[in-house]
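Data first, discussion second: the structure below is written as structure tokens.
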Amino acid sequence: MTTATASAPSGAPSDATSGLGAGAPRRGIAGKIVDRLGSGAVQVVMVILGLFWLVPTLGLMVVSLRTNQVNSAEGWWTIFTKPAELTITSYKNLLSGGFSASFWNTVLITVPTTVLVIGIAAMAAYAFAWMEFPGRDTAFLVVVGLLIVPIQIALIPIAVLYGNVGIFGSIPGVVLFHVAFGLPFAIFLLRNFFVGIPASLLEAARMDGASEWKIFASVVFPLGKPAIASLGIFQFLWVWNDMLIALVFADTGNQPMTKYLQSQMRQFGSNMDILSSGAFLSLIIPLILFFAFQRYFVQGMMSGSVK
Amino acid sequence: MTERLDGPKVPPATTAGGAATGPADTPPKKRRLGPSPAVAIAFLLPAALLLGIWVVYPIVYSIIRSLFDAKGSGFVGLGNYATIFTDGGMLTTIRNNLIWVVVAPIIVTTIGLIFAVLTERIKWATAFKLIVFMPMAVSLMAAGVIFRLVYEQSPDKGLANAILTTVHDTFSSSQGYPEARPREGDQSPVADQGGAVVTKQPAQAGQPVLIPIVGVKPAVMPANAAPAKAPQPGNALSGVVWFDFTAGGGGTSGQVDGTEKGLPGMTVEAVRGDEVAGTATTAEDGSFRFEGLPAGSYTVRLPKANFEAAYGGLSWLGPTLITPAIIGAFVWVWAGFAMVLLAAGLAAIPRDALEAARMDGATEWQVFRRITVPLLSPVLLVVFVTMIINTLKVFDLVFIIAPASVQPQANVVALEMWRVSFGGGNNQGLGSALAIFLLVLVLPFMIMNIRRFRRENT
């Protein structure tokens, strides 16, 4: 499900660091009044739009904090007139069911995938950026091409393969699938970053007779930290939020949260407690990561990819 | 922590992967001390193996598998592809994908552009961007649950219909009383006339008009209905509309008894000849009064609309609206992406060009249309293409938001691929053909990416 465009938005001259508020030109008093009124209207419109984006998630949170009986009788917004109705019953029900196990499965899938993608992609990216070998440019173009291959293409072949090898349904199977489909973007991102490392640093290290592995581990990898952070957060969120790969490759004992919650969708009304609290818990960690590492998140996205 | 969503201050060239060390177009050509190709191969090997086995081999496998039947033993040639383009359900699926590809990218890009422009005019731009961008971090599964709640049919539970009915009722105040009817009989002062209720005798000011109604369902009885009370006869035409039914029996038909409730929100018309001379709405106790009506006798009428069901909003999750409804959720998820990219692009536009145009007397719209948009077109293209690719692959949102019974009408190729291969269809030949179909759809963008990369790196 990685969607990537092979180029960061380019054509951006670097002299545009000036402030933004300075957009409107100076005018007479009448003009200023018009601006002021216009700006008031803009403020109102933006508040409304902001609410459109904020309120649905807020609704989920309130629903998760009320009982099924209350939720089936009235909308969550009545909370503003009846604040006493809040309860954590839904969360208790959720955690006493199969959710806790699926939460750990999500962690067991996400963390190894992220580590593996970073390690394997960084090595390949270093080779693409700083080593000469025949067919290098063509091989990298293949990586660029693979950026947007739909994962649907691999579901059936890999399911058959896993069946033959005997890892169908297992966590390692899910992890390997994620790693492989995370690699094109990861290699692309890191190679573009590594290319910018000053050649003098590497040449000095090579002159000193350092091995390639040493250079990679002690020069390139540390210098690449900003890009690796972007990649890491992206990869983490992508795998954490995945549902399709889990639906196909994780059996019930190894299923992550997304698959567990999906299996509860059929009785949407009666499972509202589990679904709302589960969905809310599943999005808490991505939201914390997002707010904490927002800068890397946006960087990763800007450099040409989205989940 | 907020510097990036504050992004306009950072030109995209340095936000990109190249970061501070510069863009990717400085090819390391003049290296002398390179390792041997064998070392390079060793560094590439893990990635090459994974990509070879999990990505490249499946493409070849799927092409071959798509030429065989469900079991994988019988060769059917292009039969599976023929099924894609002839089967009725499949055609709905393809039609839906077409709607997605045409509609969703345009909406997302437009909204992203509007947001990017508007955020330049508010002081709390960073907070706004954080809010709009937030859904990007949330799983599509969770976004699906969020929108299942928003689209609930009942206006008492679903936010979308709650807003719609509130807006609707603001402009059209009639409270619906479906299946309510006038008390029939010779004694009754009113009669049914083609769905409307009219008084049998002409009414004048000074004598309250009694309109007894029966058959009001408890479910539609408004919570604010107060005990009915006929208004004091004044010099205006007035009266009362009430539920002529005393709970537990008792009470006299056609008379306002102590506990009987008024029917608020009824539209009442005073009719003379064929013309409506005045309109009033009943109060909580069911009373109404026509102010400023010329003296004389009128027929008092409760129009048919009073007895139709109240407006209940739209059935978002029904077969007709399901795809637009899911596209709405998609826009909610992706608008932040478009906005952040476009805001960074906007920040990179040289201020001089805009100022010069304004000096020459161009209006803000002309500046936007003739300068901003053309200068922004590379970023607009990136956003647009990314959205096209995303809509082609859309899966989670449809799977989660569309109720099981409506999934055939909401179906898209990526979902159908999963369904026929794993979700009960058990036809991996057809599934492979659908996967190849998806691959063919993204192929032009793959080629576009490769071309652009070559152009920018030579």
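Observations on the model:
- Matching residues in the stretch A:103-117 - criterion: being within 12 Å of chain B (Cβ to nearest Cβ) and open to solvent by less than 50 Å² (accessible area, probe 1.4 Å): A:Thr106, A:Thr110, A:Thr113, A:Val117
- Enumerated strands (runs of 3 or more DSSP E) restricted to the stretch B:179-219, each holding at least 2 residues that are of a type outside the set (S, T, N, Q) and touching a residue at least 40 places away in the same chain (Cβ under 8 Å): B:196-199, B:209-214
- Condition check for B:Val197: in contact with a Lys or Arg (Cβ under 8 Å, 6 or more places away or on another chain) and not charged (D, E, K, R): yes
- Positions within the stretch B:355-375 being open to solvent by less than 60 Å² (accessible area, probe 1.4 Å), in a helix (DSSP H, G or I) and of a type outside the set (S, T, N, Q), in sequence order: B:Ala356, B:Ala357, B:Arg358, B:Val367, B:Phe368, B:Ile371, B:Val373
- Long-range neighbours under 6 Å by Cβ, at least six apart or interchain, first residue more than 13 Å from B:Ser139 (Cβ to Cβ) within the stretch A:264-282, second open to solvent by 50 Å² or more (accessible area, probe 1.4 Å): A:Asp273/A:Asn93
- Considering residues of the stretch B:376-410 that are free of Cβ contacts under 8 Å to residues at least 40 places away in the same chain and more than 10 Å from chain A (Cβ to nearest Cβ) only, the residue most open to solvent (accessible area, probe 1.4 Å): B:Ser405
- Number of positions in the stretch B:24-50 that are under 54 Å from the mean Cα position of the chain (by Cα) and modelled with pLDDT under 55: 6
- If you go through the stretch A:166-191 and keep only what is assigned to a helix (DSSP H, G or I), touching a strand residue (DSSP E or B) at 6+ places or on another chain (Cβ under 9 Å) and more than 13 Å from A:Ile228 (Cα to Cα), you end up with A:Ile171, A:Gly173, A:Val174, A:Pro184.
- Residue within the stretch A:201-222 that is more than 8 Å from every other protein chain (Cβ to nearest Cβ), in a helix (DSSP H, G or I) and under 24 Å from the mean Cα position of the chain (by Cα) present: yes
- Restricting attention to the stretch B:42-68, the residues that are within 16 Å of B:Leu439 (Cα to Cα), open to solvent by 30 Å² or more (accessible area, probe 1.4 Å) and more than 9 Å from chain A (Cβ to nearest Cβ) total 3.
- Output for the stretch A:58-80, where each listed residue is without any contact (Cβ under 8 Å) to a residue 40 or more places away in the chain and open to solvent by less than 40 Å² (accessible area, probe 1.4 Å): A:Gly59, A:Val62, A:Arg66, A:Val70, A:Glu74, A:Gly75, A:Trp76, A:Thr78, A:Ile79
Okay, residues lined up against (1) modelled with pLDDT of 65 or more; (2) part of a loop (DSSP other than H, G, I, E, B); (3) exposed (fewer than 12 other Cβ atoms within 10 Å of the Cβ):
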{"site": "A:Pro9", "(1), (2), (3)": "no, yes, no"}
{"site": "A:Ile48", "(1), (2), (3)": "yes, no, yes"}
{"site": "A:Leu51", "(1), (2), (3)": "yes, no, no"}
{"site": "A:Pro56", "(1), (2), (3)": "yes, no, no"}
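- Qualifying residue in the stretch A:93-106 (condition: in the same structural domain as A:Phe234 (by TED's automatic domain parsing), touching a Leu at 6+ places or on another chain (Cβ under 8 Å), at pLDDT 95 or above and β-branched (Val, Ile, Thr)): no
Yes/no matrix, rows are residues, columns are (1) closer than 30 Å to B:Arg95 by Cα; (2) in contact with a Lys or Arg (Cβ under 8 Å, 6 or more places away or on another chain); (3) within 14 Å of chain A (Cβ to nearest Cβ):
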position	(1), (2), (3)
B:Arg289	no, no, no
B:Val300	no, no, no
B:Asn306	no, no, no
B:Ala309	no, no, no
B:Leu317	yes, yes, yes
B:Ala325	yes, no, yes
B:Gly328	yes, no, yes
B:Val333	yes, no, yes
B:Val340	no, yes, yes
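- Residue check, B:Ile64 at pLDDT below 95 and more than 30 Å from A:Trp130 (Cβ to Cβ): no
- Selection count where residues are within 7 Å of chain B (Cβ to nearest Cβ) and without any contact (Cβ under 8 Å) to a residue 40 or more places away in the chain, scope the stretch A:122-136: 4
- Any hit, the stretch B:296-313, residues being assigned to a helix (DSSP H, G or I), of a type in the set (Gly, Ala, Ser), more than 30 Å from B:Lys217 (Cα to Cα) and out of contact with any helix residue (DSSP H, G or I) (no Cβ under 6 Å at 6 or more places or on another chain): no
- With respect to the conditions (1) at pLDDT below 90; (2) surrounded by fewer than 16 Cβ atoms within 10 Å (Cβ to Cβ), B:Phe288 lacks only one, and its number is (2).
- All positions within the stretch B:314-331 that are surrounded by fewer than 23 Cβ atoms within 10 Å (Cβ to Cβ) and more than 30 Å from B:Lys217 (Cβ to Cβ): B:Pro324, B:Ile327, B:Gly328, B:Val331
- Only one of the listed residues (B:Met417, B:Met446) is touching a helix residue (DSSP H, G or I) at 6+ places or on another chain (Cβ under 8 Å), buried (at least 23 other Cβ atoms within 10 Å of the Cβ), without any contact (Cβ under 8 Å) to a residue 24 or more places away in the chain and at the interface with chain A (Cβ under 7 Å from one of its Cβ atoms). That residue is B:Met417.
- Out of A:Ser276, A:Ser270, sole residue that is under 26 Å from A:Ser90 (Cα atoms), of a type in the set (S, T, N, Q) and in contact with a Ser or Thr (Cβ under 7 Å, 6 or more places away or on another chain): A:Ser276
The values are calculated or read from the model by the stated rules, or taken from the named source; none is laboratory data. Computed from a predicted structure; not experimentally measured. For neighbour counting, all protein chains shown are included, and Cβ atoms are generated from backbone atoms with ideal geometry for every residue, glycine included. Heavy atoms of the whole protein, side chains included, go into the accessibility calculation; ligands, DNA and RNA do not. Shrake-Rupley method; radii C 1.70, N 1.55, O 1.52, S 1.80 Å.
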